[in-house]
Structure formats: structure tokens, C-alpha cells
Amino acid sequence: MLLKLPTIYIKLPGKKLLDMQELAVKNDIEQLVEQDIEIRERISNMTSIPGVGILTAAIVLGETNGFELIRNKRQLTSYAGLDVQEKLSGTSVKGKPRISKKGNRHLRKAVHLPALSAKRFSAKYHGSFERLVAIHGIKMKALVAIQRKLLELMYTLYKNRTNFDPNFGCYP
């Protein structure tokens, strides 16, 4: 025999209810991250990248299953659908190179806003963005390149268990 418990409905305006639910989900994710020491350490490595927060790192880890089946950066960009695909057919047909979009759309969506933030607040990514816009003239193309760089960097930091170094690769 099943007992039917009374359900309590709270009437809240739509935006307020969604904000409360969003906050509850974020708190749940943070609690889950804090419970496991290894995941906490690896997510802290990933969040050392400018623009990447706990939510982004958790989404990327969740969508890639902790990079378990990913063997290299090229496979990761292909899985995310951020790889470049050219349309060629012999000598007569040559289309513009585009990203394939055949991969995980949730992964692409998760790194979009961090790429905007990294472009805005990190000199390294801002310089790369400006250089690509000067060459191609298309801002979204440059932003997709930054998304790919961020995703690859998150993978590298996760696998190597290191923090982000903004001066890495800079010569004196």
C-alpha cells in the first residue's frame, strides 16, 4: 500500500524560481566536487584557467566521462565537434572550411562563455583573438579557435595534474 503525502507548492514568479533552482544545482555540484579529493584537485587545476569555473569544469568532465576514452587533443576536439572540416571534390569544388559540429553540442555550449570571458580578461587569449580577426575578419571564427584552445588546455591540465601557468611558453 502506498501512502500519498501532501505536496506543498510554493508559488514564485518564474524567474525567481529558476534562479533558486539554478543555485540549488550549483550547490549540489560543489558539494559533489568537495566530497572526492582527487576530483577536487583536478577541477581546481582546470579552474586555474581564466574564464573557467567549477560549473564549466564539471560539465566538461561529465560530458567526456573524465577524459577516460580520450587519447589525445585531436580526438577531444573531434569529439566536441570543434574540428575543421573542408569540403573538397577533385579540382572543381572547394568550399569554405567550417567546424564539423558533429560532436557533443553540450561540450561546445559549455566552453562558449568561458571563451568569451578568457578573451576579455586574459591578454594571451585577447591577443590571439585580435590576430585571428585581423587575418580572417570573422569574430566567431576566432572565438571558436579560443574555445578549442581552452578545451585542449583543460584536457592537458587534467591529464598532467598541473595548474595553469600564464607565462608558459613566453620567452624573456
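The values are calculated or read from the model by the stated rules, or taken from the named source; none is laboratory data. If you're wondering where the values come from, they're calculated on a predicted model, not measured in any experiment. Here the Cβ positions follow ideal geometry from the backbone for every residue, glycine too, while neighbour counts run over all protein chains shown.
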- Item | Residue in region 118-129 that is farthest from the chain's Cα centre (by Cα), counting only those that are surrounded by fewer than 20 Cβ atoms within 10 Å (Cβ to Cβ) and either among the basic types (Lys, Arg) or modelled with pLDDT of 95 or more (or both) | 124
- Query: Restricting the first residue to region 80-92 and requiring it to be among the β-branched types (Val, Ile, Thr), which pairs with a second residue that is modelled with pLDDT of 75 or more meet a Cβ separation below 6 Å and a spacing of at least six or different chains?
  - Reply: 84/97
- Note on the structure: Result of the Cβ filter at 9 Å on region 19-44, keeping first residues that are more than 23 Å from residue 153 (Cβ to Cβ) and partners that are in a helix (DSSP H, G or I) and among the charged types (D, E, K, R), at least 6 apart or interchain, is 34/40
- Among the candidates 69, 76, 17, single out the residue that is surrounded by 12 or more Cβ atoms within 10 Å (Cβ to Cβ) and more than 21 Å from residue 112 (Cα to Cα). 17
- Message: Would you confirm, using the coordinates I've provided, whether residue 110 is small (Gly, Ala, Ser), closer than 23 Å to residue 50 by Cβ and within 11 Å of the chain's Cα centre (by Cα)?
- Response: yes
